[in-house]
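Trainee: I'd like to ask you about the structure that follows.
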Amino acid sequence: MLTLIVKLVLFIAVALVSMGWLGVSVMMYVLVRAMDSPKATLRPIEQMPYAGVVGVLHAWAQQHGFEWVGAFRFSTGASASSVVYVWRHREQRTYLCDYEVNGAHTEDFVSIYDQNQGLTTGSRTSMFALAYPPGMYVQCFPVAATMVRWDHHLQAEAWLMEHRSVEISTVVLPADQEIQAALRRQFAHLKTMPCWPLRTPWWLLTGHLRKSGKSVVTQLGGSIA
């Protein structure tokens with residue numbers, strides 16, 4: 001009798017895990033399909049960065065070499081739209097992006113070195129849910145302050161310049177084009193991977209356990225002097 005109960009509990013546990021895994025896979029497939037659809041749009045909106053969370057970030061950005069670029073509304077037609085607030089560094093092809101979705105804010109520092117290399121330092125572990133093309137380095141520090149996250153970004157960049165031969169780019173392109181190009185590269189990479197939606201829960205889990213709070217340097221087996 002006890003053996004039967006144990007088997008039943010294990011069966012239920014496996015079923016629940018499988019349902020959760022499948023649920024995440026379906027959700028990510030639907031999300032990527034919507035974002036990669038011709039219906040997806042990224043349009044500038046008239047919104048100034050002077051209030052609330054964005055106002056605080058704007059003050060920080062101005063003090064650390066970033067200039068206001070603008071706000072963009074991203075809409076897929078299949079879900080609630082989000083707003084992206086963008087600042088660009090005065091001296092290089094590095095962006096500070098704040099994403100507002102349903103009133104919640106997350107932020108990224110994004111450096112683009114060339115068409116195939118870049119560095120993103122973010123504040124959300126969900127950024128690990130999708131695979132990135134080779135040469136696109138990603139690190140996440142969820143509980144860090146903006147200044148601390150920026151320091152991590154600069155440290156990783158310095159290491160990549162020395163050990164991965166990346167070079168600072170000063171190319172100036174419209175921010176919306178940069179965002180759309182980055183999304184197209186990532187989605188194109190995903191489509192080369194067999195059964196990629198079923199792999200998203202694993203990427204998310206391993207990203208949270210192995211990469212969250214760890215610099216690109218540590219992920220690549222290096223060290224910072």
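Where a number appears in this text, it was derived from the coordinates with a stated rule and is not lab data. Because the structure is a prediction, the values reported are computed rather than measured. Backbone-built Cβ (ideal geometry, glycine too); neighbour counts: all protein chains shown.
Trainee: Quick one: if the Förster radius is 30 Å, what FRET efficiency do residue 92 and residue 40 give, using the C-beta to C-beta distance and rounding to 0.05?
Mentor: 0.60
Trainee: Need one number: nm distance between label points at residue 59 and residue 171, each 7 Å from Cα along Cα→Cβ, rounded to one decimal.
Mentor: 3.6 nm
Trainee: Now, a different point. What net charge is computed for the residues neighbouring residue 73, neighbours being all others with C-beta under 13 Å from the C-beta of residue 73, Lys and Arg scored +1, Asp and Glu -1?
Mentor: Value of the local net charge: -2.
Trainee: For 176, 151, what's the fewest-to-most ordering of other Cβ within 10 Å of each Cβ?
Mentor: Values: 176 18, 151 14.
The order, fewest Cβ neighbours first, is 151, 176.
Trainee: Compute the distance in nm between two label points, each set 7 Å from the Cα along the Cα-to-Cβ direction, one at residue 29 and one at residue 158.
Mentor: So the two model labels end up 4.6 nm from each other.
Trainee: Tell me, how many Å apart are the Cα centres for the stretch 110-171 and for the stretch 192-225?
Mentor: 13 Å
Trainee: Cross-link partners among aspartates and glutamates for residue 214, C-alpha distance below 20 Å, same-chain residues fewer than 8 apart left out?
Mentor: Straight-line reach from residue 214, under 20 Å: 107, 108, 151, 157, 162.
Trainee: Report the one residue of 21, 103, 146 whose Cα lies farthest in the direction of the positive end of the charge dipole of the chain (charges on C-beta: Lys and Arg +1, Asp and Glu -1; origin at the Cα centre).
Mentor: The residue sitting farthest along the positive end of the dipole is 21.
Trainee: Taking the Cα centre of the chain as origin and charging only Cβ (+1 Lys, Arg; -1 Asp, Glu), how large is the dipole, in debye to the nearest 20?
Mentor: 840 debye
Trainee: Can you spot the aspartates and glutamates whose alpha carbon is less than 17 Å from residue 191's alpha carbon? Ignore those fewer than 8 places along the same chain.
Mentor: Cα-Cα hits under 17 Å: 36.
Trainee: Filter the chain for me: DSSP H helices, axial length by Cα at least 18 angstrom, mean Kyte-Doolittle hydropathy not below 1.0. List them by residue number.
Mentor: Qualifying helices, which must be both long enough and hydrophobic enough, are 2-35.
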